[in-house]
Amino acid sequence: MDFDDQMRRYFGTADLPTLTPAALEAGIEHMRVEFGLEKDHSRRFALWTLMFMLGAAPDLDVAFKDKADQEAARDFMDMMDRATEGD
């Protein structure tokens, strides 16, 4: 699934600025539930990255027990920080 597909799945639209605060919170809650239930390693990581971009990701030690996954998440966070520098 691509980013727009994920947005539609959790929020009903790919246009986040049009969401009401209640709709945004409901979509994030849906993501949190699915994250807690997800067993597939790749899908779980992808869901975490989406929650991170929305400011709703759980802490790394809670989200990932595996140290390699925690390090991959840190790398993603660093990459996002570099991408937003100068904004």
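Rule-based calculations on the coordinates, nothing more; no lab input. This is a predicted model, so every value here is computed, not measured. All Cβ positions, even for glycine, are placed from backbone atoms using ideal geometry, and neighbour counts span all protein chains on display.
Among the residues of the range 72-87, just one is under 24 Å from ASP2 (Cβ atoms) and not in a helix (DSSP H, G or I), namely ASP87. Being touching a residue at least 12 places away in the same chain (Cβ under 8 Å), under 25 Å from ASP75 (Cα atoms) and not hydroxyl-bearing (Ser, Thr, Tyr) is the requirement here; does PHE45 meet it? Yes: the conditions hold for PHE45. For the range 36-58, the tally of residues that are farther than 20 Å from LEU16 by Cβ and of a type in the set (Ser, Thr, Tyr) stands at 1. Residue pairs whose Cβ atoms lie under 6 Å apart, separated by 6 or more positions or on different chains, with the first residue in the range 1-12 and closer than 15 Å to SER42 by Cβ and touching a residue at least 24 places away in the same chain (Cβ under 8 Å) and the second in a helix (DSSP H, G or I) and of a type outside the set (Lys, Arg), are GLN6/LEU50. Across the range 59-72, what is the total count of residues that are in contact (Cβ under 8 Å) with a residue 24 or more places away in the chain and under 27 Å from PRO21 (Cα atoms)? The number of residues fulfilling the criteria is 1. Reported count of residues in the range 30-49, each being part of a helix (DSSP H, G or I), over 16 Å from ASP5 (Cβ atoms) and of a type outside the set (Val, Ile, Thr), is 8. How many residues are part of a helix (DSSP H, G or I) and surrounded by 13 or more Cβ atoms within 10 Å (Cβ to Cβ) when one looks only at the range 17-29? Qualifying residue count for the region: 5. If you go through the range 50-71 and keep only what is surrounded by fewer than 16 Cβ atoms within 10 Å (Cβ to Cβ) and assigned to a helix (DSSP H, G or I), you end up with MET53, ASP61, VAL62, LYS67, ALA68, GLN70, GLU71. Residue count for the range 29-55, restricted to those that are β-branched (Val, Ile, Thr) and either more than 26 Å from ASP81 (Cβ to Cβ) or out of contact with any helix residue (DSSP H, G or I) (no Cβ under 7 Å at 6 or more places or on another chain) (or both): 1.
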